[in-house]
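Have a look at the structure below before the remarks.
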Amino acid sequence: MPKLTVNGIEVEVQPGATVLQACEEAGFEIPRFCYHERLSIAGNCRMCMVEIKPGPPKPTASCAFPAGDNMEVFTDSEMVKKARHGVMEFLLINHPLDCPICDQGGECDLQDQAMAYGHHSSRYDENKRAVTNKNMGPLIETIMTRCIHCTRCVRFSTEVAGVDQMGLLNRGGEVEITTYLESALDSELSANVIDLCPVGALTSKPYAFTARSWELRKTESVDVMDAVGSNIRVDARGGEVMRVLPRLNEDVNEEWISDKTRFACDGLKRQRLDKPYVRGVDGKLAPASWDDAFAAIATKAKGLSGEKIAAIVGDLADAESMFALKQLMGALGASSIDCRQDGAKLDASCRAGYLFNSTIAGIEDADALLIVGSNPRWEAAVLNARIRKRWLAGNFPIGMVGAPVSASYDYDQLGAGPETLSQIADGSHAFAKVLDAAARPMIIVGQGALARADGAAVLATARAIAEKFGMIQPASSDAEGNEVPTWNGFNVLHTAASRVGGLDMGFVPGDGGRDTAGILEGAAKGEIELLYLLGTDEVATSGIGDKAFVIYQGHHGDQGAHHADVVLPGAAYTEKDGLYVNTEGRVQMGFRAVFPPGEAREDWKIVRALSDHLGHGLGYNTLGELRSALIATHPSFAELDEAPTAEWGAFGVSGEMSGDAFASPIENFYMTDPISRMSATMAECTETFVNAKAGRTGTEG
């Protein structure tokens, strides 16, 4: 490992490290614009100059110079100061004096470094260059005259997002960044270029001129738009969420988030439920007090046996509210409960059978991948970037069973449905040899393969493939004799933020209980007389009619609320503290950034208050007491921000599989839940990226 000195301090770095990384390791900050640790080295801006001895008597770009033994590096010599002053002066020659009106003000790398390393005035009197702004779609605002050509955006879109739509055109004084044919940047991760841009050339179009960074209250939280559990920061002013930004977590999302995570937040203020409603004798929902709403539920529930009561949980619910509702249903004697509103045939008895066991970061350790019934690019855009990252490293064959998708990596289309899966399982398919030759193969099973009538048989077949091709490798002993799991390549990719948490606590039918399909069928026949929907917006309740009394608890007046007899206004994920379990089984904590609107309340509080009216008090009055009860019953919820290891066992049910092809459950990436469906920004993205491709006019039903 190379040893060198930086400003007299000896430091040892990994082979292949650059001088810039060595300086950072020694504790010295090096200014930079083009360099980014997750992107390839460009060496464009020359701001990272240092003096190196032995070497030529001139400053060297530290980002592109490899660290070597016996090297002396100086980061603050007169040569370096003069070089940085000169580079900054050149960068500002054509940069407009937009700081007072720039959306990047207060968060601008160029602004900060000009103060730290620049001159107090410019010696350049000629006219500044102007560049025409580009159309990059509904998410990215462009003021290209400010661009300093660091090419971070180009490298991100090409290397991480896998979209070859941006580039550097022309040369010399005519050079400019643009999307080819000036089209919208079509990627589910496109807006990360806003964070990467060190100047105000690329900014957020929906957020433009709405707030300054110093006005915002910043809250760390967790994303619920998918099951990845991306770490985010929610910036709010007053009672309104202004924007959502990524937060660093190397094991989950690195420092990226999807465009839906970032921009769907404007849906939080549209079509919100802010007071209880009760359906009157005229058949219309009318505003009511909390006491009246609870009284209506208590009147209906009085005398009902547990077989006539059921509950379904939606995709955005936090663990505490699900646990409170499960306890209430248990107190009422109801065993017809389900957290799988899409009907996925997942077995809650074996945790390894529904987790992403390899972990998201573990994708980088795999050497072969089989994707079954999933489109990771739409179902988990950040996780898909990990697959691309591993694919770019080389020697990573990928096979796809299901509908062809537009992926950001090359893959072999193996087949459309269960027939191909069976051929792989019995070894007759050519891709079976690829899996057999791999040291660490992995399989990703999506909800498109599980949320169907033969989902349990598909799950059993996927388990058989994992066991046959060495995806489940037994634990080995480390130097201290401790058992260390070697490799588990069986992975289920969820699309719902609440799903793994619900399965962990057993929010599934008990003895004699009905699943989601059975509950809806029973409600339509009058066999289920009381149905509780906790944020359940993806199932059709219109067919129930007036046979069942429907309670809807949620934060938007979406599909679940339309046919409810009582509507209880809950809190969105930005309006409550809560635990969420991502697709890996990693428990993460979200925090409240703003308060719920009007009379809306946190979901667990609503269930707790209702339990008293039903005569089955839950016995806790604070969130801390509720969490203690949750952890006492299900200890896995105490392991915050840790990717668990689950014991392998039997799951799935052997049986016949239909010949129907696997299909992704997501038809429109930008609208998958009540929040994104109410977002004006997501509606624009749908029009630009989905309807335009499909040739739709936007008037179709």
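The values are calculated or read from the model by the stated rules, or taken from the named source; none is laboratory data. Remember, predicted model here, so these are calculated numbers, not experimental data. Every residue, glycine among them, receives a Cβ derived from its backbone with ideal geometry; neighbour counts consider all protein chains shown. Areas reflect the complete protein model, heavy atoms only, side chains present, ligands, DNA and RNA absent. Shrake-Rupley method; radii C 1.70, N 1.55, O 1.52, S 1.80 Å.
Return one quarter of the surface area of the convex hull spanned by the alpha-carbon atoms of the range 506-587, equal to its mean projected area, in nm².
6.4
Please label the shape of the range 255-313 as rounded, prolate or oblate, based on the square roots a ≥ b ≥ c of the eigenvalues of the alpha-carbon gyration tensor (a/c under 1.5 means rounded; beyond that, a/b larger than b/c means prolate, else oblate).
Oblate is the answer for the range 255-313, as a/c is 1.5 or above yet b/c matches or exceeds a/b.
Is the shape of the range 139-234 best called rounded, prolate or oblate, per the rule: a/c under 1.5 gives rounded, else a/b larger than b/c gives prolate, else oblate, with a ≥ b ≥ c the square roots of the Cα gyration tensor eigenvalues?
Verdict is oblate for the range 139-234.
Roll a 1.4 angstrom probe over the protein heavy atoms and tell me the percent of accessible area of the chain that is carbon or sulfur.
50
Using mean Cβ contacts within 10 Å as the protection proxy, how do 134-142, 579-587 order, highest first?
Going by the mean number of other Cβ atoms within 10 Å, highest first, we get 579-587, 134-142.
Would you pull out the residues with amide H under 5 Å of D577's amide H, same chain only if 5 or more places away, H placed 1.01 Å from N?
R592
Given a 1.4 angstrom probe, what's the average accessible area per residue across the range 298-424, in square angstrom?
The answer is 30 Å² per residue.
Got a sec to turn the phi values of the range 501-516 into Karplus ³J(HN,Hα) couplings, 6.51 cos²θ - 1.76 cosθ + 1.60 with θ = phi - 60°, whole Hz, x for Gly and Pro?
These are the phi-based 3J(HN,Hα) values: x, x, 5, 4, 9, x, 7, 9, x, x, 4, x, x, 9, 8, 4 Hz.
From the backbone phi of the range 102-110, what are the Karplus-calculated ³J(HN,Hα) couplings (6.51 cos²θ - 1.76 cosθ + 1.60, θ = phi - 60°) in whole Hz, Gly and Pro given as x?
8, 5, 7, x, x, 9, 9, 5, 5
If each DSSP helix of 4+ residues adds -39,500 (n - 2.57) and the sum is divided by the residues in the chain, what number results at 222 nm, nearest 500 deg cm²/dmol?
Computed ellipticity for the chain at 222 nm equals -6500 deg cm²/dmol.
On a 1.4 Å probe surface of the protein chains, which of L520, L459 comes out largest in accessible area, and what is the full order?
Largest to smallest exposure gives the sequence L520, L459.
Amide H neighbours of E240 under 5 Å, counting only residues 5+ apart in sequence or on other chains, H built in-plane at 1.01 Å?
none
Computed over the Cα atoms of the range 344-393, what is the convex hull's projected area averaged over all directions, in nm²?
Averaged projected area of the range 344-393's Cα convex hull equals 4.0 nm².
Per residue, how much accessible area does the range 523-680 show when a 1.4 Å probe rolls over the protein heavy atoms, in square angstrom?
I get 39 Å² per residue for this part.
Taking the Cα atoms of the chain, report the difference between the largest and smallest coordinate on each principal axis, in whole Å and largest first.
90, 59, 54
Provide the per residue accessible area, probe 1.4 Å, for the range 20-168, rounded to a whole number of square angstrom.
Accessible surface, normalised per residue, equals 49 Å².
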